Amino acid sequence: MERIESKPGKLLLGAHDGRLTKGSDPEAIQYQYLYEVESQKEIFDWVIRYNLAHVVMMCEQGVFSREDSEKLLTGLKEIESLGVEGFPLDPEYQGVHPCIEADLVRRYGYEVGGKILT
């Protein structure tokens with residue numbers, strides 16, 4: 001899958017971003033997405049835990065390869081170690097889940113990082 005950027009550093013995340021090619025409207029980011037990301041900070045730890053369990057289950061069911069699962073688990077543990085205050089939550093991604101997905105895609109490419117929401 002081709003990596004698409006709407007602006008330097010901003011990955012378009014497939015279905016999440018739909019048909020956007022130029023990124024989100026700056027006013028939407030300022031007045032809606034910033035609030036959404038801030039309000040989701042309290043679930044950051046739970047999102048990490050959920051994703052860790054999800055990756056293990058997907059590997060056990062044979063959906064994810066062991067190699068991809070190890071990469072995803074390593075990335076998630078590294079994100080977890082940063083904590084909510086140390087992890088960059090970009091409001092243009094509109095939430096904690098897509099921010100984590102974008103980080104994993106940057107680390108491992110779409111072929112691995114993009115599986116996290118499978």
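The values are calculated or read from the model by the stated rules, or taken from the named source; none is laboratory data. The structure presented is a predicted model; accordingly, all values stated were derived computationally and were not measured. Reconstructed Cβ throughout: ideal geometry from the backbone, glycine too, with neighbour counts over all protein chains shown.
Things to note:
Residue-by-condition table, conditions (1) farther than 19 Å from Asp45 by Cα; (2) within 15 Å of the chain's Cα centre (by Cα):
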| residue | (1), (2) |
| --- | --- |
| Glu60 | yes, no |
| Glu80 | no, yes |
| Pro98 | no, yes |
| Arg106 | yes, yes |
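- Qualifying residues in the range 24-51 (those that are in contact with an Asp or Glu (Cβ under 8 Å, 6 or more places away or on another chain) and at pLDDT 95 or above) - the one farthest from Pro98 (Cα to Cα): Asp45
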